[in-house]
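Below: one structure, written as structure tokens.
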Amino acid sequence: MRYFKHILFLLCIITSFGTLKAQTRDIITLKKGWKFNKGNHPEAIKSNFDDSHWEDITVPHDWAIYGPFDKNIDKQVVAIEQNGEEVATEKTGRTGALPYIGEAWYRHTFSLPNFNTNKKAIILFEGAMSQPEVFINGQKVGEWKYGYAYFYFDITDYISTTQENTLAVKLSNQGESSRWYPGAGLYRNVSIIIKNKESIDQWGTFITTPLITQEIAKVNIKTRVSGKDLRLVTAILDADGKQVNSNETVQLFNNEFDQNIAINNPNLWSPESPYLYTSVSRLYAGNDLKDEITNRFGIRQIEYNQKTGFSLNGEITKFKGVCLHHDLGPLGTAVNKSALRRQLRILKDMGCNAIRSSHNMPSIEQLELCDEMGFMFLAESFDEWAKPKVKNGYNLYFDTYAEKDVVNLVRATRNHPCIVMWSSGNEVPDQWGAEGVKRAKWLQDIFHNEDPTRPVTVGMDQVKATMESGFGALLDVPGLNYRVHLYEEAYNKFPQGFILGSETASTVSSRGIYKFPVEKASMKTYDDFQSSSYDLEYCSWSNLPDDDFVLQDDKPWVIGEFIWTGFDYLGEPTPYDEAWPSRSSYFGINDLAGLPKDRYYLYRSRWNTKDETLHILPHWNWDGREGKTTPVFVYTSYDSAELFLNGKSLGVQKKNNDTKQNRYRLMWMDVRYETGTLKVIAFDKDGNPASEKEIKTAGKPHQIVLDTDVKTIKANGEDLSYVTVSVVDKNGIPCPTATNQLTFKVKGEGTYRAACNGDATSLELFHLPTMKLFSGKLVILIQSTENAGNIELSVSGKGLKKGNISLSSFK
Ligand code: GAL
């Protein structure tokens, strides 16, 4: 868990050190004031290096997201073995076709005039893509390899108190090092932590809740410290900040304090009620306060049991989860908390209760939000172990770094109540062979040593091999990626008594695009490089959502699923891996802009048990399809519904067991298209009309309409409002096929940050203030400045009435 932050920049560091005497530690998050340059600049480690011509940037930063997209970037001529390919072909957009390869340097300066021999300084990186080498005042402090790892170095002996300190970071990215867009740069926070020599160690606190009853919870807090003759006082505060108990101890076990603190009538953490407590630990030497840290935690019990599967707080709970890659669409990989919050809001409405950080360490921001908003978390570490999937992947570092990377993952994140499971790997080729079994055990033991409270899984695709070798049997949680046909056999062969769908579906679709005839198909491609939103297209290794639903509904030992994926991501444009200009995925339930595809409503109809879902597809603008068969699907939480076209009934459909699709979707397969109104009336259990929805054929695009659910943002230079742009005809009916080119202007205390339309084949750059609509929509991201005030966005397009929206920001 993160310490409270003091975001201090160069100018205020001196004052803060001078004035805040009682302050025991400072965390200086280096956001502004960075200089950046691509290329190799070994001379940039020197303090007197002239970087005045370098770009001014803020961190988190992704140098590659500004493009341009280029077919030749990281063109991988490979056979993707895990997809069953045997012959190498040219894969163009596999890593997003964005310029992430190469070297680049970051520089920053800071003064620490009050630093003295009683203090210690640490530099902490929450992710640096990749192979970071860190220098201070011309000296190398250390290096790391994995771009997703959290790591820190002690820089006490490198800093100067008499002159400005120069921090220089070199990063370098190789081609063929990833299967998706990895991003590039210092894409997560970099902080300098100044504390006393006698202090709590970095990631030194471990909070668990080993006993929970209705009346009492035992909170165990282990705190690693440096120094002698110390005393630790820990107070627990409830969500209102009221102290509920405290404990004081002088008893050290080696360098660790071990406190048990009782909480009466504890409020438990769960996705439905994400209650958080705070611990405040103060470290004293005599009466001198030496250190103070604050951690948020939750009281919750997790159990994985052979008979009942997974339980949270004693209740059998199924994972209604999604896998997410780390990029944030048009923002690239530069972490942004409001972008992550928006993703989680969208997923919450769908009824999702869990996230898997595929296939690497999550951002700390994402974990903080999952704690607060109520999502369980499967934190993954690696996509490769010692055997390669891509030539320059993690296989190069596995032997030397895997242990350190796992230890840091666990220590940095273990106090987040949202994390309920670790994953040591995804579809690692080491599933084959005896060394792989050993590696699986070795990694799982590292996780267990660091955290005895959570189980470990691996997403397995070589299920037959892992049944034979013992690989699957040794895991705490056997995770199956796809392979729905092997669930039953795996359940029988594996000893755990349950199966997790660690990765499911990989159904593909493009928002608002529908293809005819409507039929189930594997690896189906079309001339426009889009996939159909009738949600019947999947990959040769994958399946449809309904196949997973059947297993979960009929087999109580399936403990849930993590769908591939919650949102589209940059890179891996299957089934168009070889088709330029496809450059981002088609797997998302939501597109790259975060706009829901139809599939969103299919999952919502099942997962969101509080709100009704009633959704019609396709859109009803089919110029040229008059009289042709144009099936209509309804995704709904109701069991049955009647469809009407221009007032004429097309009959009642009821969910039934005829096919897997019939169980979960209402489908009218023989509708003949005519313009007009398509209306659906849903019935409750007694057959009474309960709800209705209609969609209409739109005329020509007439007016631009802007809409956002976040009209007020924080004036902190980071917060975002996502504005959805659509066009309507002169009667206000949305135009679902519009592709107008639009331009954007922002005035006042906001800046234009990026736009995205969700089209996986678009080569328009996100940061330029113009873009075409895709299937009638796009999304604009407006970022606050550091001044509070009004923000005006206007959007125009040729022949269209302008759209305007007013937002405001506050301090
Ligand atoms: C899985 C893999 C994911 C992604 C997905 C696409 O096998 O774990 O990273 O490639 O396939 O369907």
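Is it fair to say Leu328 is surrounded by 21 or more Cβ atoms within 10 Å (Cβ to Cβ), in contact (Cβ under 8 Å) with a residue 40 or more places away in the chain and either more than 30 Å from Gly185 (Cα to Cα) or not hydroxyl-bearing (Ser, Thr, Tyr) (or both)?
Details: surrounded by 21 or more Cβ atoms within 10 Å (Cβ to Cβ): yes; in contact (Cβ under 8 Å) with a residue 40 or more places away in the chain: no; either more than 30 Å from Gly185 (Cα to Cα) or not hydroxyl-bearing (Ser, Thr, Tyr) (or both): yes.
No: the conditions fail for Leu328.
Yes or no: Glu674 part of a loop (DSSP other than H, G, I, E, B), free of Cβ contacts under 8 Å to residues at least 60 places away in the same chain, over 29 Å from Ile346 (Cα atoms) and touching a Leu at 6+ places or on another chain (Cβ under 7 Å)? Spell out the reasoning first.
On the way: part of a loop (DSSP other than H, G, I, E, B): yes; free of Cβ contacts under 8 Å to residues at least 60 places away in the same chain: yes; over 29 Å from Ile346 (Cα atoms): yes; touching a Leu at 6+ places or on another chain (Cβ under 7 Å): yes.
Considered against the rule, which asks whether it is part of a loop (DSSP other than H, G, I, E, B), free of Cβ contacts under 8 Å to residues at least 60 places away in the same chain, over 29 Å from Ile346 (Cα atoms) and touching a Leu at 6+ places or on another chain (Cβ under 7 Å), Glu674 comes out as yes.
Residue count for the range 184-218 satisfying the condition of being out of contact with any Ser or Thr (no Cβ under 9 Å at 6 or more places or on another chain), in a strand (DSSP E or B) and free of Cβ contacts under 8 Å to residues at least 60 places away in the same chain: 2.
Restricting attention to the range 435-471, the residues that are within 16 Å of the ligand (Cβ to nearest atom) and over 25 Å from the mean Cα position of the chain (by Cα) add up to 5.
Any residue in the range 564-578 that is over 25 Å from the mean Cα position of the chain (by Cα), touching a residue at least 12 places away in the same chain (Cβ under 8 Å) and within 16 Å of the ligand (Cβ to nearest atom)? Yes, some residue in the range 564-578 is over 25 Å from the mean Cα position of the chain (by Cα), touching a residue at least 12 places away in the same chain (Cβ under 8 Å) and within 16 Å of the ligand (Cβ to nearest atom). Just so you know, in the range 344-358 the residues that are away from the ligand (no atom under 16 Å from the Cβ) and among the aliphatic types (A, V, I, L, M) include one that is nearest to the chain's Cα centre (by Cα), and it is Leu344.
Cβ-Cβ distances below 8 Å connect the following pairs, each with a first residue in the range 422-450 that is in a loop (DSSP other than H, G, I, E, B), a second residue that is of a type in the set (S, T, N, Q) and crowded, with 20+ Cβ neighbours inside 10 Å, and a separation of six or more residues or different chains: Glu427/Gln462; Glu427/Asn481; Trp432/Gln462. The set of residues in the range 499-550 being more than 13 Å from the ligand (Cβ to nearest atom) and among the acidic types (Asp, Glu) consists of Glu519, Asp527, Asp528, Asp535, Asp546, Asp547, Asp548.
If you scan the range 451-469, which residues turn out to be over 26 Å from Cys539 (Cβ atoms) and surrounded by fewer than 19 Cβ atoms within 10 Å (Cβ to Cβ)?
Initial filter on the range 451-469 (over 26 Å from Cys539 (Cβ atoms)): 451-456.
Matches in the range 451-469: Pro452, Thr453.
For Phe153, are the conditions met, namely being assigned to a strand (DSSP E or B) and touching a helix residue (DSSP H, G or I) at 6+ places or on another chain (Cβ under 7 Å)? So that I can check it myself, show each step before the final result.
On the way: assigned to a strand (DSSP E or B): yes; touching a helix residue (DSSP H, G or I) at 6+ places or on another chain (Cβ under 7 Å): no.
No; evaluated as a whole, the condition is false for this residue.
Restricting the range 77-107 to residues that are of a type outside the set (D, E, K, R), buried (at least 21 other Cβ atoms within 10 Å of the Cβ) and outside any loop (DSSP other than H, G, I, E, B), the residue that is nearest to the ligand (Cβ to nearest atom) is Ala104.
For the range 291-320, the tally of residues that are under 17 Å from Ile207 (Cα atoms) and part of a strand (DSSP E or B) stands at 7. Of the residues examined, Asn787 is one that is part of a loop (DSSP other than H, G, I, E, B), out of contact with any Ser or Thr (no Cβ under 7 Å at 6 or more places or on another chain) and touching a residue at least 60 places away in the same chain (Cβ under 8 Å).
Mind checking whether some residue in the range 732-745 is over 30 Å from Tyr673 (Cα atoms), at pLDDT 95 or above and buried (at least 16 other Cβ atoms within 10 Å of the Cβ)?
Yes, that holds for at least one residue.
Which is at pLDDT 95 or above and touching a helix residue (DSSP H, G or I) at 6+ places or on another chain (Cβ under 8 Å), of Phe766, Phe774?
Numbers: Phe774 fails: touching a helix residue (DSSP H, G or I) at 6+ places or on another chain (Cβ under 8 Å).
From the options Phe766, Phe774, the qualifying one is Phe766.
The values are calculated or read from the model by the stated rules, or taken from the named source; none is laboratory data. Fair warning: this is a prediction, and the values are worked out from it, not measured in the lab. Here Cβ is always computed from backbone atoms with ideal geometry, including for glycine, and neighbour counts include all displayed protein chains.
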